[in-house]
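See below for the structure under consideration.
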2 protein chains.
Amino acid sequence: MKNAAGREIPDEIAGKKLKPYNGPFSFKPQGRQYSPPLRAVFPGESKILGSIREAIKKTGIENGSTISFHHHLRNGDAVVNMVVDEIAKMGIKDITLAPTALFPVHEPIIEHIKNGVVTAIHGSLNGPIGAFVSEGGKLKEPVILRSHGGRARAICSGDLHIDVAFIAASAADDYGNCNGSLGDSAFGALGFGYADAMHADKVVVVTDNLQPYPVTPISISQTFVDYVVEVPSIGDPGGIKTGTMQITKSPSRLMMAKNVVKFFAEAGILKDGFSFQAGAGGTSLAVTKFLHEYMREKGITGSFVMGGITGFVVNMLEDGTIKKILDAQSFDLEAVESMRKNPDHFEVSHIEFGNMHTGGCIVNRQHACFLGATEVDIDFNVNVNTHSDGMLLHGIGGHQDAAAGSDITVILAPLLRGRIPVIRKEVTTVSTPGDTVDVVVTERGIAINPRREDLIEKVKNMNVVSIEELYKKAVSMAGEPKKPKLGEDMVAVVEYRDGTALDTVRSVKGW
Amino acid sequence: MKNAAGREIPDEIAGKKLKPYNGPFSFKPQGRQYSPPLRAVFPGESKILGSIREAIKKTGIENGSTISFHHHLRNGDAVVNMVVDEIAKMGIKDITLAPTALFPVHEPIIEHIKNGVVTAIHGSLNGPIGAFVSEGGKLKEPVILRSHGGRARAICSGDLHIDVAFIAASAADDYGNCNGSLGDSAFGALGFGYADAMHADKVVVVTDNLQPYPVTPISISQTFVDYVVEVPSIGDPGGIKTGTMQITKSPSRLMMAKNVVKFFAEAGILKDGFSFQAGAGGTSLAVTKFLHEYMREKGITGSFVMGGITGFVVNMLEDGTIKKILDAQSFDLEAVESMRKNPDHFEVSHIEFGNMHTGGCIVNRQHACFLGATEVDIDFNVNVNTHSDGMLLHGIGGHQDAAAGSDITVILAPLLRGRIPVIRKEVTTVSTPGDTVDVVVTERGIAINPRREDLIEKVKNMNVVSIEELYKKAVSMAGEPKKPKLGEDMVAVVEYRDGTALDTVRSVKGW
């Protein structure tokens, strides 16, 4: 069957019926949330275990179990490998890995896939594991790719059942109260951990910084935690603390960033109360910086920034350009430090950020977001998962969520990357449907989704072109893009944030 | 059947089978938490309703519905009466009221009981409504009395299903993010509201202080909230802000308080890391003050105080005598102010405080608590619900929870109140079982539960007497206490915090 994004979707995958994507807000869910087990830890009982191995035993991980992790430690994370290595040593097979995201540091997982220890993945794949999976035939079932909000929804609704969640924490007490704010491995907000902690059958806090009871701030509460394991290190601070993010130096990207701010101004949304979602890419950082400068100059006070938070956003809070930061993921040391000391920099979960099957998520309240793309097509569909060679190399992140929720969703995309057109007739993979994308800003002009007549009317003074023109220009410069040779087998399903099937990713047989 | 507290318990009440109390930690629960409905509030949808009436209509309150409230506004609360009055005007009957507690200010509920608007109550009754219910025959089924932790457990497990929770908030935004920390009606921690917000079918935030989005700190998250109603006033600040609490002036009570501190010192628990639960009664305040003086003098640094928080505890935090405050209920302005500004004064829920069917509640980590009583018996059972005339006049509060969790549970009780013995052969009502009570401190000596041989050994230097001696002394002074004439009908069931039946309260026919 063909879904509302025009993509062919199989009826079922791995024995599970698929619901085709039918528009961003096509249904309201029935029923109740998936409920966690009743627990009982009585006075005098200890939750401290001596090792990861003991935690695996105590939580009953066995062949076929699903285990989850968050990726706040990014490419410095040591916990995923630590746990899966130990599972492998214990002879356990057929694990479903449900991390929020895997990074290059998790390359050893490839061996565990080859050995049958890991046979399914629900989670974002950034880098080598995605490339490996793209070869086809590696896992028992396709990888399920979900947005940050979509994953939270899947967990809260029971679509993704987690047997054991491992929550890495940079500070924890022996009862499991924990956060990512304190300690040498501090990574800031623990936004990804909440859904897992609140819905998994068993929850293990893994920390390298066991502190006296009670640890505060309490990001994840003791009431959700079964066990606590202290390890020498949860990760490499060099990989965790990404340091100050670098703004793009490319003149064309800087121009695009300036044009985004100009577009918002022309569209009339840059006024007191303005809110936006910030990102950490080089061009996104430039937009944030230029927004800051514009707002400060005009005396505009914004309401909040949701993030992916960086020092660029912290600067806006500190000089009063915005009133609040809502932080589900802190990208640099300035963000970590700010959340620790400034009560107006408030930690939130990814349930709050983007789970659309709640009483309303934060993205719904964003006036604007500006997001990247590997490809954009003439229907405004955006690809962020695969490259034009078909390789699965990135997760969805909060892309779907921000696009669907924000009043104005801008995609920042150059016409070409190298000699490869970014604006094309049809994206290789639909990660975010064109229904939720309003504007594409390139170095050669701005295209507005025809759906947004209101915006077209408002920004008449800008260099607005049709998306088809941008596409033609790209083709005239680099030729009609080459298509990868794809296999028949699906290596991944792109799930929309409401749980429907948006697209599939096929194996790559050549380029 | 007779339960483990020696009380006769009927097999069932109002069609529901009762499980008899069988000891404080007699079972671990099976199954899963009660899950809230999946919600969906999409971009552009508003949660703001124009009136309480509209909220009643939108949430579908009808004959037989269960509605809940928290009592952080105490005797200043205007929300319970506001909602029930409107329900009555709309002709809706047969409501189950599930407040955390009702106060004298809620006396108008009596008329609604008479008119059949309210026919059942799950919640604490303080004062006139309790007295009214004690007459017998007023409600369709007995009142269910639960401790703070027990109520949270009942809601989280589904024993107490809430159709609509009304959450009074002193600051909220139009999406329902709210707290009790800010605004003219600020009452501090919103600890009681969490369980209701997280498990009710529908959640309505009622505020007199609608602020721009997003309100932080977020005590109750937008994700749980269906509707927001702004009203002119959620309550009378004179009743909400109880002002600075008054310490007892009675020389004998002050002596008792000093003896509690001496007891803790002799028992060897007054050392670095000491933790306790604080209360707000005149004698409890004295104990807190004397603990503060003792610890400061000896250079002891405590770990945390759980409360019911007052300025007396805040003082301990501010001069470094304790490291943290965990606050589920703020009793005075100093507490409200401290939680607002001091990150080491951390808000927690009553799930975290005392729900024993979680991954461990805070009371489990308390070294000590000191609690009041209307009566104590020679089996160390404690009554806090009824007076010796049998009248149901008080809730359980956190009494059961603190007693079960703390390493040393002290009951502060005078031998007599007026001419009525407080220490007696058998309490009129068992609110907290003697299994969980360690020490009774009176003005005429200290009795230790024989179960605690360790304590008896440690405090040999103190004036320790048997509880029977205290009882005999009380009787010798005032005679064997008179018993109230009780009717056959049960007006209330005292539920233990694990959901079992601890005792029943009968109607009062004379004294």
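Highest mean first, the peptides B:452-458, B:29-35, A:130-136 sorted by other C-beta atoms within 10 Å per residue fall in the order A:130-136, B:29-35, B:452-458.
Where chain B is carried onto chain A by rotation, the Cβ closest to that axis, with its residue and distance in Å, is B:35, 2.
Ranking A:471, A:21 by solvent-accessible area of protein heavy atoms (1.4 Å probe, all protein chains present), from largest to smallest, gives A:471, A:21. Between the stretch B:81-145 and the stretch B:157-228, what's the alpha-carbon centroid distance in Å? Spelled out, the Cα-based centre of one part sits 23 Å from the other.
Taking beta carbons within 10 Å but only from partner chains, what does the mean come to for residues A:337-347?
Details: counts 0, 0, 0, 1, 1, 0, 6, 2, 1, 6, 3.
Going residue by residue through A:337-347 and averaging, the value is 2.
Simple point charges give the picture: +1 on the Cβ of Lys and Arg, -1 on the Cβ of Asp and Glu, and for the stretch A:243-484 a dipole about the Cα centre of about 660 debye.
Mean projection of the Cα convex hull over all viewing directions, computed for the stretch A:243-484: 12.6 nm².
Quick one: compute the contact order of chain A, relative version, from alpha carbon pairs under 8 angstrom and 6+ residues apart, as a percent. Present the calculation step by step, with values, prior to reporting the outcome.
Values: 1301 pairs, mean separation 84.3, N = 511.
In percent, rounded to a whole number, it is 16.
Label-point spacing for residue B:466 across the identical copies (point 7 Å from Cα in the Cβ direction), in nm and ascending order: 10.0. Suppose R0 equals 41 Å. What FRET efficiency, 1/(1 + (r/R0)^6) with r the Cβ-Cβ distance, do residue A:511 and residue A:258 give to the nearest 0.05? Efficiency, rounded to the nearest 0.05: 0.75.
Taking the Cα centre of the stretch B:386-496 as origin and assigning +1 to Lys and Arg Cβ atoms and -1 to Asp and Glu Cβ atoms, the resulting dipole is close to 600 debye.
Among the listed pairs B:425/B:482; B:17/B:140; B:324/B:458, a Cα-Cα separation exceeding 21 Å is found for B:324/B:458. Calculate the dipole size of the protein assembly as shown relative to its Cα centre from +1 charges on Lys and Arg beta carbons and -1 charges on Asp and Glu beta carbons; express the result in debye to the nearest 20. Roughly 260 debye for the protein assembly as shown. Ranking B:212, B:162, B:177 by how far each Cα lies toward the positive end of the dipole of the stretch B:144-254 (charges on Cβ) leaves B:162 at the top. Protein heavy-atom surface of the stretch B:243-484, 1.4 angstrom probe: 50% of the accessible area is carbon and sulfur, with nucleic acids and ligands not counted. Equivalent ellipsoid of chain B: semi-axes from √(5λ) of the C-alpha gyration tensor, largest first, are 36, 28, 19 Å.
Legend: P(r) of the stretch A:1-147 from all alpha carbon pair distances, 5 Å bins from 0, whole percents, reading 2, 8, 14, 17, 17, 15, 12, 9, 4, 2, 1, 0.
Take residue A:48, push a point 7 Å out from Cα through the beta-carbon direction, and compare it with the same point in every other copy: 5.3 nm, smallest first. Here's the list of aspartates and glutamates a cross-link from residue A:483 could span, going by alpha-carbon distance under 15 Å and ignoring same-chain residues fewer than 8 apart: A:375, A:377, A:389, A:426.
How large is the Rg to Rh ratio of the protein assembly as shown when both quantities use alpha carbon positions and Rh follows Kirkwood? Rg/Rh for the protein assembly as shown comes to 1.01. Could you tell me how far the Cα centroid of the stretch B:255-304 sits from the Cα centroid of the stretch A:239-304, in Å? Each part's Cα centre sits 54 Å from the other's.
When DSSP beta bridges are limited to those with both residues in the protein assembly as shown, what percentage is antiparallel, rounded to the nearest 5? Of the beta bridges lying entirely in the protein assembly as shown, close to 30 percent run antiparallel. Coupling constants for the stretch B:331-340 follow from the phi torsions by the Karplus curve (6.51 cos²θ - 1.76 cosθ + 1.60, θ = phi - 60°), and in residue order they are 8, 8, 4, 4, 5, 4, 5, 5, 5, 5 Hz; glycine and proline get x.
Note on the stretch A:286-325: along the principal axes its Cα atoms extend 25, 20, 13 Å, ordered by decreasing extent. With its label point defined 7 Å out from Cα along the Cα-to-Cβ axis, residue B:12 lies at 4.1 nm from the matching points of the other copies, in increasing order.
For the stretch B:243-484, give the share of DSSP beta bridges that are antiparallel, in percent and rounded to the nearest 5; count only bridges with both residues there.
Values: 10 of 34 bridges.
Looking only at bridges with both residues in the stretch B:243-484, the antiparallel portion is about 30 percent.
Solvent-accessible area per residue for the protein assembly as shown at a 1.4 Å probe radius, Å²?
Accessible surface, normalised per residue, equals 33 Å².
Give me a single rounded figure for A:94-100: the average over its residues of other chain Cβ atoms within 10 Å of their Cβ.
Values: counts 0, 0, 0, 0, 0, 0, 0.
Mean inter-chain Cβ contacts per residue within 10 Å come to 0.
Restricting the count to DSSP beta bridges whose residues both fall in the stretch A:1-130, what percent are antiparallel, rounded to a multiple of 5? Bridges in the stretch A:1-130 are about 25 percent antiparallel.
Report the FRET efficiency, 1/(1 + (r/R0)^6), for residue B:468 and residue A:48, where r is their Cβ-Cβ distance and R0 is 41 Å, rounded to 0.05. Before the final figure, lay out the partial values.
Values: r = 42 Å, r/R0 = 1.02.
Taking R0 as 41 Å, the efficiency between residue B:468 and residue A:48 is 0.45.
Using only Cα atoms, tell me the angle between helix B:467-478 and the longest principal axis of chain B; keep it within 0 to 90° and round to the nearest 10. For B:467-478 against chain B, the angle is about 90 degrees.
Sum up the charges of everything whose Cβ sits under 11 Å from the Cβ of residue A:212, counting Lys and Arg as +1 and Asp and Glu as -1, but leave residue A:212 out.
Values: positive: B:323, B:324, B:365; negative: A:173, A:174, B:272.
After counting each charged neighbour, the total is 0.
Given the C-alpha centroids of the stretch B:1-39 and the stretch B:420-488, what is the distance between them in whole angstrom? Using only Cα atoms to place each centre, the spacing works out to 28 Å.
Find, to one decimal place in angstroms, the Kirkwood hydrodynamic radius of the stretch A:53-102, where the mean of 1/r is taken over every pair of different Cα atoms and then inverted. Please list the in-between numbers first.
Values: mean 1/r = 0.0888 Å⁻¹.
Hydrodynamic radius (Kirkwood, Cα only) of the stretch A:53-102 equals 11.3 Å.
Principal-axis analysis of the Cα atoms of chain B puts helix B:79-89 at an angle of about 50° to the longest axis. The C-alpha atoms of chain B define a longest principal axis, and helix B:282-298 lies at about 70 degrees to it. Computed over the stretch B:216-347, the percent of Cα pairs more than 26 Å apart is 30. Only one residue of B:479, B:410, B:462 has its Cα farthest out toward the positive end of the dipole of the stretch B:389-493, where Lys and Arg carry +1 and Asp and Glu -1 on Cβ, and that residue is B:479. Note on residue A:504: accessible area is roughly 10 Å² with a 1.4 Å probe, heavy atoms of protein only. Listed by chain and number, the aspartates and glutamates placed with their C-alpha closer than 14 angstrom to that of residue A:341 are A:318, A:327, B:344; residues fewer than eight positions away on the same chain are left out. Under a 5 Å amide H cut-off, with hydrogens placed 1.01 Å from N, residue A:308 pairs with A:328, A:329 among residues at least 5 apart or on other chains. Just check the stretch A:1-88 against the gyration tensor rule for me: Cα atoms, a ≥ b ≥ c as the square roots of the eigenvalues, rounded for a/c under 1.5, and otherwise prolate or oblate depending on whether a/b exceeds b/c. Judged from the Cα gyration tensor, the stretch A:1-88 comes out prolate (a/c at least 1.5, a/b above b/c). Chain B against chain A buries an accessible area of about 5000 Å², both chains summed, 1.4 Å probe radius.
The values are calculated or read from the model by the stated rules, or taken from the named source; none is laboratory data. These figures come from a predicted structure and were not determined experimentally. All Cβ positions, even for glycine, are placed from backbone atoms using ideal geometry, and neighbour counts span all protein chains on display. Remember, those area values only see protein heavy atoms, side chains included, never the ligands or the DNA or RNA. Shrake-Rupley method; radii C 1.70, N 1.55, O 1.52, S 1.80 Å.
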